[in-house]
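**Student:** Attaching a single structure in structure tokens format; questions to follow.
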Amino acid sequence: MFRQRALIVAATWGGMLLLAPPAPTQDRPLLVDQLGHQDTVRFVRFSPDGKLVLTGGEDRSAILWDAATGKTLQRFAGHADPVNAGFISADGKRVVTDDGKGLRLWDAGTGREIFPSLQANRYGKGALAFSPDGKLFATTDDVYEVRLWDAATGKLLGTCQKSGREYQIRVLRFSPDGKQLLIGGADPVAERAPALRLWSVATGKEALRFQTPTPIGSATFSPDGKRVLAGSDKITREWDAGTGAEIRTFEGGRTVAYSADGKHLLTADGACNRIWDAATGKLVRESSAPAKSRLSGALSPDGKALLERTDTELRLTEIGTGKLVSSFPAGKDMAYRSEVVSPDGTVIVAAQGNAATVIDASTGKVLRRLDGSGVAANAVAFSSDGKLVLTGGEDGTASLWDLSRAARVLVLRGHTRRVTAVAISPDRERLATGSFDDTVRVWDAATGKELTRFKGGGLVFSVAFAPDGKSVLSGGFDTARVWDLATGKEVHAYSTLAKNDFVRQDVVKSAAFSPDGKLLARGGSSSGLTVWDTATKAKLAPYDRKVIPGMRLMAVVSVAFSADSAKLATVDENGQVEVRDPATGKLHGGFNRAYGVVRPGLVGGVAPAEVKTNCVALSPDGKSLLIGCQDGTVELRGAGIQPGGARPFGAHAAAVTGVAFSPDGKFAATAGADTAARIWDVTTGKEVCKLMSFRNDSWAILTADNYYAAARGALPSLAFRFRDRAFTFEQFDLRFHRPDKVLECFKFAQTELAAAYREAFQQRLKRMNYTEAMLGNDFDVPEVELAAFPPPSTRERTIKLRVKARDAKFNLDRVHIDVNGVPLRGANGIDVRKPAARTWEQEVEVELSAGDNRIDVSVLNEKGAESLRQTAPVRCEAAAKKPDLYVVAVGVSDYADARFKLVYADKDARDLSELLAGKRAGFGEVKVLRVLNRDATRENILKAAEFLKPSGVDDAVVVFFAGHGVLDAKRDYFFGTADIDFADPAKRGLPYPAIEGLLAATRARKKLLLVDTCHSGEVNKEDTALPAGAAQPDGAVRAVARGGLTPEAPPRVGLKNSFQLMQDLYADLRRGTGAVVVASAGGAEYALESAEWKNGVFTYAVLRGLKGGADRNKDGKVQVLELRGYVEEEVRRLTGGRQSPTARSDNVLFDFAID
């Protein structure tokens, strides 16, 4: 939580300025959704220490990123226009953004705005500069004054006094020692009256004036502060900062800069970049823009290289020789817009499309992209009972969310363009979606199957079910149409266009039935608002205006009825909201966010774009309006004329695209271009949760207090911020991945399911050897740090890390180092117990994998508390051969005890190994070891460790077991070796730890274990008991079980008990071998085989998946996580839910292809 401090009131010129509280202290992790930018990124900037990156985009937001991990730390939303520029203070605590309408100062830790707006310049952009120590900042305003502020408190410290004419400030820069301000400007009317002055920060008075006959484009101090450089389009001048004497001039200079060592300077004019020797003034080298291209330039911080951008590429060249260091082609339709070199000169960050690309400066290789993976929500609708929410996505899908289960339950696929409108039938049995692919589709709400499709009328903007559920209304490119669900035919078109009107278009952005079904309202782009009688199909008299062909009325973009059909709310293209009697057209009142209340007969002006209202909904009782705005704001207002009656709910990070009330009026839902749909508590105005869909077909529900329910695939898209650092999900997943807490947000949640979620959480704690008390709110844990972070890329195969660990209270126990999720020193890590100490420091050698590596380091104390992990990403560019694939396939059908013979287990091992043996395109060699039938003794199977021993870190290993799986009296799992004693499996059976031991012994980091046996998943020992006899499952398919035990206790909730819920809901965070382990059946389930499949059903699904069925993203490769998801779904489908594959362990962050 945050500790609040007192509000500050500061005196300013012209009145009082209320400031937000100073930066609160963050004392718990904060969940930060990784949404990224949803439109073009306009600028990128590093913090002075290189640890942070700031980006701003056309989605009217700025984002602060952790440079090391590429994770979002904070989003700054609510700007009026695209964010063109931004700055980070030297201490990283303050961020300033510029949207062209004003400079805004933010607290970098909390995202709170300290100043609503620092300036609104009438003649162009203002300027801002931080002092070198980050304690002060200076701003300009619309009266051409320079003001000095305290960055910590926001207190105005003083102003630089004006003298003579008023000049527009273009340059504002502190001297390196922070004692002076360089201020450059020009008369906004008489451009020929430029000025460049030096002011004392202490006195606020002019200390020196430099003579410059040309307008100033940019200016800067030399690194030692002894010289001043100022440029215009054609000429750059250098002065002595102490005397004001001109030293020399240089050609060109719209942009000027000194190198960090002061030995060189750059002048750039958009057509040519010139490097000069700062001591002699001689030209070192110059480069010109390619034909029909622009050229910009920037010096690397170490002064050794020049970074240039053309329309088609970035290139880095040595200053002295002009030798090309590296180049980065932009790609088709993906030109770079802004670029910056890190302070240490090792990486470049460039704005490209909707993301920023992080590039290794020495090799030109892309290290990572600063972007998001969410799908923007364009529309939202509640079901009649308020438990279901349907959202329409930018990617052409629609998602059905069940709030009573805290889960996404359906994804509707089929549209080829964005889904712009959604609706749920009154009986909840059907769903309707409208899209820019010119279709309206109706779906089965239980199965997601498409039932019917309507086409005609072009782009679809609006859909709605009739109150009786028998027809669907669509608003499209030319009119509003009603479609009969039974016949699939068009019933009627509500058009305002005359037959001879070939000039005018009348796009229907919104259309709705009144709840009593008697009226239909539609908003047209040229006809405005019209209301129709659904029985007679006639337009009501108040709306039957005579329209001359080609004439255009004010467009209406949103319409909504009250529950009693007595009120109709509308929003027009100017953002004006009105409420009227739909039958008579009598206006009750309205407002415009730009101008306040609108009374009957009052005509307002044009509202600024940033404050416009996009959409509206009326509360069921008709007393309140919910509005969604272009700037992301969500507000609740009275439905009549209520000056100042707006109650803000909060804000999306981008434009609000849809709003809706729940039928009981207790909740509201909004859709936003920031990739989230949000649920709000109408009484309190607080956000309840966010519904997020991701491009990898996963989902998450995030509450306002950091709890979440999420599919496993969504977890890499979540991150936490704690003490100014970004951490990946697994650091806090155990504490905050709580579907039971998400369910508590809604009073109608299923009690039994909530209890099961709670018990599943308890099962997870037990699995991880934790208790709730250990989770607490105390974050006083050991600390670990790297003495120096490795370079972002290297051509070496090994690096050395100096690791430091400490604990203030307890002795240290062990240090863990993982590379791409695989333990470097085994699951137990590095033992640091001897000698007993609270500090430890050692240099550790780490072998890198080819390509991307993520190194995680943590320490545990003697009480079992683990530190937060230090993460260091490194890309290895060393030459590497193609990786090899090692396959160990064990299959037993022929048992010594003939009573337990199987049919297909040995065939499973042969089929899978033969299929993998043919996967030679992506591997150097494929090496196969088969251990079948009577050869599959414990001793022979364990010899596979020698077979795997030659594998290297870049190789891949697949280990497969098929046969019987048996639980002993202690409920421990054993693989049924050929000579197993089924009465006492511990004697000759292969225990699961021995199977894991095969994977732990190999150096390979890409590891997959597949187990096709009964009870191969983890068993809940408390819920599973030995059966009195051997029971066999029956079912629709001709199947036999591969032996094992049946659970005595029936499932507690639906088809799943709490242990199964735990396995389905959560990623396994236990340290193991780093392998992905997929088991064919739950710990208390049978694994089935059948002549119909000619394999075990699990193996049958694996084979189909590897042959392409699992390639969900159609990239021609089957990834391990794609295969796992496919097999889980396919086995459940084939067995009617009687067999459910589970993952014994996960490595959800690091996927690899088996191809």
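**Student:** Using the structure shown, decide if GLY891 is at pLDDT below 90 and in contact with a helix residue (DSSP H, G or I) (Cβ under 8 Å, 6 or more places away or on another chain).
**Tutor:** Taking the combined requirement at face value, the residue does not satisfy it.
**Student:** Among the residues of region 641-651, is any in contact with a His (Cβ under 8 Å, 6 or more places away or on another chain), at negative phi and in contact (Cβ under 8 Å) with a residue 12 or more places away in the chain?
**Tutor:** If we filter region 641-651 for residues that are in contact with a His (Cβ under 8 Å, 6 or more places away or on another chain), which is where we start, we get 641.
Pick out the ones that are also at negative phi and you get 641.
When the remaining residues are screened for being in contact (Cβ under 8 Å) with a residue 12 or more places away in the chain, the result is 641.
Among the residues of region 641-651, at least one is in contact with a His (Cβ under 8 Å, 6 or more places away or on another chain), at negative phi and in contact (Cβ under 8 Å) with a residue 12 or more places away in the chain, which makes the answer yes.
**Student:** Restricting attention to region 565-586, which residues are assigned to a loop (DSSP other than H, G, I, E, B) and within 17 Å of GLY638 (Cβ to Cβ)?
**Tutor:** Here is the first cut: in region 565-586, the residues assigned to a loop (DSSP other than H, G, I, E, B) are 565-567, 573-575, 581-586.
Hits for region 565-586 are ALA566, LYS567, ASP581.
**Student:** Sticking with this one: Give the residues of region 92-108 that are modelled with pLDDT of 85 or more and either in the same structural domain as ALA653 (by TED's automatic domain parsing) or assigned to a loop (DSSP other than H, G, I, E, B) (or both), sorted by residue number.
**Tutor:** If the condition is that a residue be modelled with pLDDT of 85 or more and either in the same structural domain as ALA653 (by TED's automatic domain parsing) or assigned to a loop (DSSP other than H, G, I, E, B) (or both), then GLY92, LYS93, ALA108 are the ones that fit.
**Student:** Would you pick out the residues in region 271-291 that are assigned to a loop (DSSP other than H, G, I, E, B) and in contact (Cβ under 8 Å) with a residue 12 or more places away in the chain? Full working, then the answer.
**Tutor:** Taking region 271-291 first, the residues assigned to a loop (DSSP other than H, G, I, E, B) are 271, 278-282, 289-291.
Matches in region 271-291: ALA271, ALA278, ALA279, GLY281, ALA289, PRO290.
**Student:** Among the residues of region 926-959, write down those that are buried (at least 23 other Cβ atoms within 10 Å of the Cβ) and of a type outside the set (A, V, I, L, M).
**Tutor:** Once the filter is applied, which keeps residues that are buried (at least 23 other Cβ atoms within 10 Å of the Cβ) and of a type outside the set (A, V, I, L, M), region 926-959 yields only ASP955.
**Student:** Evaluate region 771-783: report whether one residue or more is buried (at least 20 other Cβ atoms within 10 Å of the Cβ) and modelled with pLDDT of 85 or more.
**Tutor:** Taking every residue of region 771-783 in turn, at least one turns out to be buried (at least 20 other Cβ atoms within 10 Å of the Cβ) and modelled with pLDDT of 85 or more.
**Student:** Looking at the structure I just gave you, is LEU1045 assigned to a loop (DSSP other than H, G, I, E, B), crowded, with 22+ Cβ neighbours inside 10 Å, modelled with pLDDT under 90 and outside the structural domain of GLY826 (by TED's automatic domain parsing)?
**Tutor:** Details: assigned to a loop (DSSP other than H, G, I, E, B): yes; crowded, with 22+ Cβ neighbours inside 10 Å: yes; modelled with pLDDT under 90: yes; outside the structural domain of GLY826 (by TED's automatic domain parsing): yes.
The answer is yes for LEU1045.
**Student:** Here is a further query. So, of the residues in region 58-89 that are among the hydroxyl-bearing types (Ser, Thr, Tyr) and part of a loop (DSSP other than H, G, I, E, B), which turns out to be farthest from PRO716 (Cα to Cα)?
**Tutor:** If we take residues in region 58-89 being among the hydroxyl-bearing types (Ser, Thr, Tyr) and part of a loop (DSSP other than H, G, I, E, B), then SER89 is farthest from PRO716 (Cα to Cα).
**Student:** Oh, and also: Pick from VAL389, VAL409: which is without any contact (Cβ under 8 Å) to a residue 24 or more places away in the chain, closer than 30 Å to LYS666 by Cα, under 22 Å from the mean Cα position of the chain (by Cα) and in a strand (DSSP E or B)?
**Tutor:** VAL409
**Student:** Report, by residue number, each residue of region 851-867 that is part of a loop (DSSP other than H, G, I, E, B) and surrounded by fewer than 17 Cβ atoms within 10 Å (Cβ to Cβ).
**Tutor:** GLU862, LYS863, GLY864
**Student:** Scan region 893-916 for residues that are touching a residue at least 60 places away in the same chain (Cβ under 8 Å), among the aliphatic types (A, V, I, L, M) and either under 13 Å from GLU1089 (Cβ atoms) or assigned to a helix (DSSP H, G or I) (or both) and report the count.
**Tutor:** 6
**Student:** Given the criteria closer than 20 Å to ALA676 by Cβ, at pLDDT 95 or above, in contact with a strand residue (DSSP E or B) (Cβ under 9 Å, 6 or more places away or on another chain) and buried (at least 19 other Cβ atoms within 10 Å of the Cβ), does LEU400 qualify?
**Tutor:** yes
Residues are listed down the side, and each one gets a yes or a no for (1) under 16 Å from THR871 (Cα atoms); (2) of a type in the set (S, T, N, Q); (3) buried (at least 16 other Cβ atoms within 10 Å of the Cβ); (4) touching a His at 6+ places or on another chain (Cβ under 9 Å):
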site	(1), (2), (3), (4)
SER698	no, yes, yes, no
TYR707	no, no, yes, yes
PRO716	yes, no, yes, no
GLN731	yes, yes, yes, no
VAL742	no, no, yes, no
ALA749	no, no, yes, no
GLU759	no, no, yes, no
PHE789	yes, no, yes, no
ARG795	no, no, no, no
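**Student:** Further question on the same structure: Starting from residues that are of a type in the set (Asp, Glu) and modelled with pLDDT of 95 or more, keep the ones in region 915-942 and report whichever is farthest from TYR1100 (Cα to Cα).
**Tutor:** Only one residue tops the list, namely GLU939.
**Student:** Next question, about the same structure. Which condition does GLY386 not pass, out of (1) crowded, with 16+ Cβ neighbours inside 10 Å; (2) out of contact with any Pro (no Cβ under 9 Å at 6 or more places or on another chain), if it passes all the others?
**Tutor:** Among (1) crowded, with 16+ Cβ neighbours inside 10 Å; (2) out of contact with any Pro (no Cβ under 9 Å at 6 or more places or on another chain), GLY386 violates only (2).
**Student:** Within region 224-253, which residues are in a loop (DSSP other than H, G, I, E, B), under 22 Å from ASP302 (Cα atoms) and basic (Lys, Arg)?
**Tutor:** Correct list: LYS226 only.
**Student:** Residue by residue through region 1117-1132, note down the ones that are under 17 Å from ALA1087 (Cβ atoms), among the charged types (D, E, K, R) and crowded, with 23+ Cβ neighbours inside 10 Å. Before the answer, list the steps.
**Tutor:** Taking region 1117-1132 and keeping what is under 17 Å from ALA1087 (Cβ atoms), we get 1124, 1127-1132.
From what is left, the residues that are among the charged types (D, E, K, R) are 1124, 1128-1130, 1132.
ARG1124, the sole residue that qualifies.
**Student:** Right, something else. Scanning region 465-489 for residues that are closer than 21 Å to PHE436 by Cβ and aliphatic (A, V, I, L, M), which turns out surrounded by the most Cβ atoms within 10 Å (Cβ to Cβ)?
**Tutor:** Taking the candidates together, the pick is ALA480.
**Student:** Here are the criteria: (1) within 31 Å of the chain's Cα centre (by Cα); (2) in a loop (DSSP other than H, G, I, E, B); (3) surrounded by fewer than 18 Cβ atoms within 10 Å (Cβ to Cβ). Tell me which single one GLY345 does not satisfy.
**Tutor:** (3)
**Student:** Quick check on region 357-378: of everything there that is closer than 23 Å to GLN74 by Cβ and of a type in the set (S, T, N, Q), which residue is surrounded by the fewest Cβ atoms within 10 Å (Cβ to Cβ)? Give the steps one after another, and end with the answer.
**Tutor:** At the first step, the residues of region 357-378 found to be closer than 23 Å to GLN74 by Cβ are 357-358, 367-377.
Okay, now just the ones that are also of a type in the set (S, T, N, Q), so 357, 373.
On the way: THR357: 25, SER373: 18.
In this case the residue turns out to be SER373.
**Student:** Quick one: is SER327 modelled with pLDDT of 80 or more, surrounded by fewer than 16 Cβ atoms within 10 Å (Cβ to Cβ) and outside any loop (DSSP other than H, G, I, E, B)?
**Tutor:** Yes.
**Student:** I'd like to know if region 788-798 contains one or more residues that are closer than 26 Å to LEU948 by Cα, of a type in the set (Asp, Glu) and assigned to a strand (DSSP E or B).
**Tutor:** Looking through region 788-798, none of the residues is closer than 26 Å to LEU948 by Cα, of a type in the set (Asp, Glu) and assigned to a strand (DSSP E or B).
**Student:** Against the condition at pLDDT 85 or above, in a strand (DSSP E or B) and assigned by TED's automatic domain parsing to the domain that holds ARG1005, how does VAL1078 come out, does it pass?
**Tutor:** Taking the combined requirement at face value, the residue satisfies it.
**Student:** Which one of THR439, THR420, THR447 is touching a Lys or Arg at 6+ places or on another chain (Cβ under 6 Å) and of a type in the set (Val, Ile, Thr)?
**Tutor:** One residue alone meets the criteria, THR439.
**Student:** Scan region 1081-1097 and give yes if some residue there is of a type in the set (A, V, I, L, M) and at pLDDT 85 or above, otherwise no.
**Tutor:** yes
**Student:** Which members of region 822-850 meet the condition of being part of a loop (DSSP other than H, G, I, E, B), closer than 19 Å to ARG797 by Cβ and either in contact (Cβ under 8 Å) with a residue 60 or more places away in the chain or more than 35 Å from the chain's Cα centre (by Cα) (or both)? Break it down into steps so the answer makes sense when it comes.
**Tutor:** Of region 822-850, the ones part of a loop (DSSP other than H, G, I, E, B) are 824-829, 832-838, 848-850.
Subsequent filtering for residues that are closer than 19 Å to ARG797 by Cβ retains 824-825, 848-850.
Correct list: LEU848, SER849, ALA850.
**Student:** Moving on. Output the residues belonging to region 292-310 that are part of a loop (DSSP other than H, G, I, E, B) and either within 19 Å of LEU324 (Cβ to Cβ) or at pLDDT 85 or above (or both).
**Tutor:** If the condition is that a residue be part of a loop (DSSP other than H, G, I, E, B) and either within 19 Å of LEU324 (Cβ to Cβ) or at pLDDT 85 or above (or both), then SER293, LEU295, SER300, ASP302, GLY303, LYS304, THR310 are the ones that fit.
The values are calculated or read from the model by the stated rules, or taken from the named source; none is laboratory data. For clarity, every value in this text was computed on a predicted model and none was experimentally measured. So basically every Cβ, Gly included, is an ideal-geometry build from the backbone, and we count neighbours across all protein chains shown.
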